[in-house]
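No value in this document is a laboratory result; all are computed from the given coordinates. Computed from a predicted structure; not experimentally measured. Cβ placement follows ideal geometry from the backbone for every residue including glycine, while neighbour counts extend to all protein chains displayed.
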């Protein structure tokens, strides 16, 4: 048995909820640490190598898809294998397929790190887009286009996703992300991802999925081996261009509660960051959100918590 | 590590941290209680040349069974079941009186157990235009109406995930299984598709509902009609089995093919004899096959039987027994194709 912050399944106001769960170390159950706060120190950042896409995951179901994060390359491959000239192929299917290749690869990389994220892309009008108990509300493309946003419905509330654009759905016990890539008269193409079981201090490379330039964040659990008033998070991020990554530390008991927010400026290439975190009375177990800039290819190489 | 003294917080940080700590309101003091749960460790298996990472189908095993290897080994070897006793409650099968759920994606289509009941309505309301709406999308939508409703019914008790769409592009995938991308022309020529799952590569013949059963994995796949380059694929994966059913759960009927159903059959306490009781609705007389599968390796069928289920609502009871105790068993039910079947309750009484 493993300790988690939330149960596998909950019932809230009559609705069944499958929450985003985080694994907790034994020490986190100590009542004295349960209201701990945290703030960051000044990070040390070193560029240690060039940007590389090696060692990323495979897209199950798409074994012959190009092994790259580049949206245009993947979309162009889809257009080659399924041209619109075919009677049953329409434009949104190509976009959704390219997005599914990226989602599938991200799911594989997240699983490789010992955890679970679910997601997919399609047309929310018909046949519909869902990820476990999250779904895009089925509406016509023109309706969402005119209104300016599509709606993601979850058992604990809704969040709106701009058309086109992206949005993160943060609830007390659910972490999700949605994007709308395009809209036509009836059809529109959306991506929906739900983090089901958060990865703790991942040691394998995880690429942050980017769909038509809209880059998704990654969530992970920062967990030190013993309770300590100071931690160092040593992590490495590879990026194909200079950018400022937003880092938010969230409370494991309520993901809406931001313990601190920071911006980490990265150079092109592989950046190793020594990131001090101070806590009172100790640095709590935290959910870290890393949100890169749009139009970037970003890879989290690893995340280690000391002590 | 040596560069940093973990025993101290820098003086300029301590004040703000303490202020932040004491400023947190009473709402922040209310913390969730950590819970113990099953370990859902990701496992991996080589399928052809692909390393597939997956989460196994979990069983909510009772402590008395999980911690006693004699029950999990000898109990399974000695397992047996008695005669199926079927009692009809009513001959009427009325879908409006059975508390099945609406599709959370498409609630406007009402209660639907079979795709054939909703497909004409979708085709009429959203006609194909050749530029945005094409034929396979109606078929996939009808399937999603049925599947998402069944998913929410099972999820009242545990967790089941489904996916339906075009097996070529955009592709069909659920958490740990996917259809291999294949153009509809080839699918029609070969007469089937291939599913990649923890059970390996499984060929799913056209218009066939295939259980996908691995050592630690339960799911199923259906390959449907082809539309030129497109074709319909449907996947269902059991994330965690239910150990009782207390609210109605329908069996998905896709193009007349009925999906299998899996539930953990386990008494609440250690016993050498128990009774399984089910309440079933069926729209016609049918034979439902039951396979009892080994919880240590789902591929092993310990025993199997067939129940004559009459039209309407019936109770089905049978005795299960074993020594040293009745073990937890995976109960795999398979109604006949072409039927509409709903399981209202499933319980194991000591």
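For Cα pairs less than 8 Å apart in space and 6+ apart in sequence, what is the mean separation divided by the residue count of chain B, i.e. the relative contact order in percent?
Relative contact order here is 21 percent.
Arrange the following residues from fewest to most other Cβ atoms within 10 Å of their Cβ: B:177, B:18, A:69.
B:18, A:69, B:177
Using a 10 Å cut-off around each Cβ, can you sort A:71, A:92, B:64, B:231 from fewest to most neighbouring Cβ atoms?
B:64, A:71, A:92, B:231
Take the Cα pairs of the stretch A:1-156, get the Kirkwood Rh, then feed it into Stokes-Einstein at 10 °C and 1.306 mPa s and tell me D in µm²/s.
Result for D is 81 µm²/s.
For chain A, set up a Gaussian network in which alpha carbons nearer than 10 Å are linked by springs, and say which option among A:115, A:52, A:183 fluctuates the most.
Taking springs between Cα atoms under 10 Å, the residue moving most is A:52.
Report Rg/Rh for the stretch B:118-196, rounded to two decimals, where Rg is the Cα radius of gyration and Rh the Kirkwood radius.
1.02
At R0 = 45 Å, how high is the FRET efficiency between residue B:350 and residue A:30 if r is their beta carbon distance? Nearest 0.05 is fine.
0.70
Out of A:162, A:124, A:217, any idea which swings most in a Gaussian network model of chain A, alpha carbons joined below 10 Å?
A:162
Which three extents, in angstrom, do the Cα atoms of the stretch A:2-76 have along their principal axes, listed largest first?
Extents along the principal axes, in whole Å: 52, 43, 22.
Could you work out how far the C-alpha centroid of the stretch A:70-121 sits from that of the stretch A:246-307, in angstrom?
28
When chain A is treated as a GNM, springs tying every alpha-carbon pair under 10 Å, which of A:250, A:147, A:112 comes out with the largest mean-square fluctuation?
Highest fluctuation among the options: A:147.
How long are the semi-axes of the equivalent ellipsoid of the stretch B:208-305, defined as square roots of 5 times the Cα gyration tensor eigenvalues? Whole Å, largest first.
Over the Cα atoms of the stretch B:208-305, the ellipsoid semi-axes are 28, 17, 12 Å.
Mind giving me the FRET efficiency for residue B:272 and residue A:11? R0 is 41 Å, r the Cβ-Cβ distance, nearest 0.05 is fine.
Calculated value: 0.75.
Considering the Cα trace of the stretch B:278-350, what is its radius of gyration and what is Dmax, both in angstroms?
Gyration radius and largest Cα-Cα distance of the stretch B:278-350: 13.2, 41 Å.
Mean shadow of the stretch B:44-112, computed from the convex hull of its alpha carbons, in nm²?
10.9
Would you please calculate the Kirkwood hydrodynamic radius of the stretch A:239-307 over all C-alpha pairs and express it in Å, rounded to one decimal?
13.3
Please report the spacing between the Cα centers of the stretch B:267-322 and the stretch B:200-255 in Å, no decimals.
Computed from Cα coordinates, the inter-centre distance equals 20 Å.
If R0 is 22 Å, what FRET efficiency do you get for residue B:111 and residue B:336 from their C-beta distance, rounded to 0.05?
Rounded to the nearest 0.05, the efficiency is 0.55.
Given the DSSP H assignment, sum -39500 (n - 2.57) over each helix run of at least 4 residues in the protein assembly as shown and divide by its residue total; what's the result at 222 nm in deg cm²/dmol, nearest 500?
Helix contribution divided over all residues of the protein assembly as shown: -4500 deg cm²/dmol.
Can you give the translational diffusion coefficient of chain A in µm²/s, computed by Stokes-Einstein from the Kirkwood radius over Cα pairs at 10 °C and 1.306 mPa s?
This corresponds to a translational diffusion coefficient of 80 µm²/s.
Label residue B:78 and residue A:258 with points 7 Å out from Cα along Cα→Cβ: what is the distance between them in nm?
Modelled inter-label distance: 6.2 nm.
What is the fewest-to-most order of B:139, A:72, A:274 by other Cβ atoms lying within 10 Å of their Cβ?
So the residues, fewest neighbours to most, are A:72, A:274, B:139.
What is the percent of Cα-Cα separations in the stretch A:71-197 that go past 23 Å?
31
Could you give log10 I(q)/I(0) at q = 0.05, 0.08, 0.09 Å⁻¹ for the protein assembly as shown, computed by the Debye formula over C-alpha point scatterers of equal weight, without solvent?
Debye curve over Cα of the protein assembly as shown, log10 I(q)/I(0) at q = 0.05, 0.08, 0.09 Å⁻¹: -0.24, -0.61, -0.77.
Working only with C-alpha atoms, what are the Rg and Dmax values of chain B, expressed in angstrom?
In Å, with Rg to one decimal and Dmax whole: 24.1, 79.
In percent, how large is the relative contact order of chain A, given Cα pairs closer than 8 Å and 6 or more residues apart?
23
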